[in-house]
Each structure stands twice: as C-alpha cells, then as structure tokens.
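Enquirer: Questions regarding the structure given below will be posed in turn.
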Ligand SMILES: [Fe+2]
C-alpha cells in the first residue's frame, strides 16, 4: 500500500471515529471507495513547518498527523490564491492538498477532503464559498472568525463548521496550523470569494 493510500485509510478512520453530529451528518452516505487519480508530487514552502511541529498527543489526531507527515512528500500540494490576492509572504506560508475530490489523489464529485497548512503569523482574511465546509485542526491555538464575529482560539480535534457562503477567516500566531478539511454541497474546485474584491 502506498503512503497516499494509507493516508486515505487513516483519514477515513479518523472521520468515522468521531461522533460529532454535525460531522456525522456531513459525511453520511459518502462512499469512501474511490478510484485513485495519479498525481505527481508537488511541494510548497509551507511544508517545512510540518517538521517543526509537535504531533498531537492524542492518539486519533496523532495518528492522522503522522499519516500526513509520512505522505507529505508524495502529495500534490497546491494554492488557490495568487500574489495579487494576499501577497507573496502569504504564498510562502500557505498551501493545501486535496486528498480526494474533483482534483485530488482520489476521485470524488460528491465531497472533497484534504489538509490545509498555514505557517506562523499568517492572516488568511475573510472569504466564503458555496460549498459547506468542516475543518478539524491538528494543531493548537489558531484563531478563527466566522460570520465576521471575533476571532477565537481553536484546539486540536475541534470541529469547525462553515455553512454555505458564510464568511470565515483564520489567523496563526507562533504555531503553524495543520487542519483536516471537508467540502461538499457546492462546486468543489471553486476559488473562494474575497469580500470587497473584484471576482
Ligand atoms: Fe473555507
């Protein structure tokens, strides 16, 4: 089994292990048996932060983090934004990998899932998209804002739900962010809309 196959297994196992009702409803009926899509590895500068992070101490999140770290160099990391959106420094400290979805390592038109990484001292400004979204941080202390409310710290294993088209933003301080994400119920490859910017 490849490290990417193994990561999908641990991703699925982790999601299935959580009893949160919002997450349960989100993944209900999803068929995790997906065809593999051959993708070349693609690295990004933000991956350097994986090596300096302490893996989560809890068993379930720790196993998922370890699976990601083991597969990281085989994954096709990507960025939705360009230098005109949030600047060059942001692009040095931001990236995501779609493990499954319309573009990812496994094929699904129904739901996308993968991981987001942000380096330290990053502000990912307000944005929104049609798809409904769940994030589960695998690191502690990142700050999250939803629907223009105040930023609040979030912790490893918390389930963060963004309904369709709700604005959300994230900030990191000293600790980088690694988070599992899931998208469904909208175009799975949509570039987020940044309020106040021409689309
Ligand atoms: Fe989002």
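Laboratory data are not the source of any read-out in this text; all were calculated from the coordinates shown. Since we're looking at a predicted model, the values are computed, not measured. As a convention, Cβ positions derive from the backbone with ideal geometry for all residues, glycine included, and neighbour counts pool all protein chains shown.
Enquirer: Please tell me the relative contact order of the chain in percent, rounded to the nearest whole number, where contacts are Cα pairs under 8 Å and at least six residues apart.
Expert: Across the chain, relative contact order equals 21 percent.
Enquirer: In whole Å, largest first, what are the principal axis extents of the Cα atoms in the stretch 83-190?
Expert: That gives 36, 27, 27 Å along the principal axes, largest extent first.
Enquirer: Let me ask something else. Could you work out the helix-only [θ] at 222 nm for the chain, with each DSSP H run of four or more residues adding -39,500 (n - 2.57) and the total divided by the number of residues, to the nearest 500 deg cm²/dmol?
Expert: Helices in the chain give a 222 nm mean residue ellipticity of -6000 deg cm²/dmol.
Enquirer: If eta is 0.890 mPa s and T is 25 °C, what Stokes-Einstein diffusion coefficient results for the stretch 81-144, Kirkwood Rh from Cα pairs, in µm²/s?
Expert: 182
Enquirer: Can you tell which of 152, 177, 75 shows the greatest fluctuation in a Gaussian network model of the chain with Cα springs below 10 Å?
Expert: Maximum among the listed residues: 152.
Enquirer: So, one more: After finding the eigenvalues of the alpha carbon gyration tensor for the stretch 3-55, what semi-axes result from the square roots of 5 times each, listed largest first in whole Å?
Expert: 26, 18, 10
Enquirer: Springs between alpha-carbon pairs under 10 angstrom, Gaussian network model over the chain: which of 70, 84, 112 fluctuates most?
Expert: 84
Enquirer: Quick one: order 27, 52 by neighbouring beta-carbon count within 10 Å, fewest to most.
Expert: 52, 27
Enquirer: Then there is this: Can you sort 22, 10 so the residue with the fewest Cβ neighbours within 10 Å comes first?
Expert: 22, 10
Enquirer: Here's something else I'd like to know. Give the Rg/Rh ratio for the chain, taking Rg as the radius of gyration of the Cα atoms and Rh as the Kirkwood radius, to two decimals.
Expert: Rg divided by Rh gives 0.92.
Enquirer: Testing the spin-label approximation: label points 7 Å from Cα along Cα→Cβ at residue 60 and residue 147. State their distance in nm.
Expert: 2.6
Enquirer: To continue, here is another question. Taking the chain as a Gaussian network, where each spring joins two C-alpha atoms under 10 Å apart, which residue of 64, 138, 39 fluctuates the most?
Expert: With Cα springs under 10 Å in the chain, the top fluctuation among 64, 138, 39 is at 39.
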